[in-house]
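Working notes for the structure below.
Just so you know, all these numbers are worked out from the coordinates, no wet-lab data involved. Note that the coordinates shown come from a computational prediction; the quantities given were computed from them, not determined experimentally.
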Amino acid sequence: MARLSACLRPALSDDPRHVSGRAAEALAQAHLQSHGLQLICQNWRGPRGELDLVMLDGDTVVFAEVRYRKHSAWGGAVESVDRRKRDKLIATAMQFLQQEKRWAKHPCRFDVIAVGHGKSASLEWIRNAFDS
């Protein structure tokens, strides 16, 4: 499916954490697309942070935060989206909407996609995970 708008992609890193993160994002993107969402933008960067996936679900702009955890010792992927992270995501989403005016009047929501480690990497999609 074609992107609905262009966005800049960051330079690729060989750091194993970034490789794992990109794999988790690809898995999350494929999952969301299999449920009918369309990709607007991936890895959108603004002054306050980055948006992993910006998708369109019907007429709703979805800001999807992908969280990958190799080990549960540091807490689960979902729990890692704390108040500070939510505030950063909200601020970055507002910057996106200001820059990409085409989407500014659409309803928006924040989803979290938690991707686990292993042969059968688990995926948990939490729609409307938090409010802005």
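Listed values, structure above:
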item	result
Number of Lys pairs (Cα under 28 Å; 8 or more positions apart or on different chains) in the stretch 16-130	7
P(r) histogram, all alpha-carbon pairs of the stretch 16-130 included - 10 Å bins from 0, percent	14, 48, 32, 6, 0
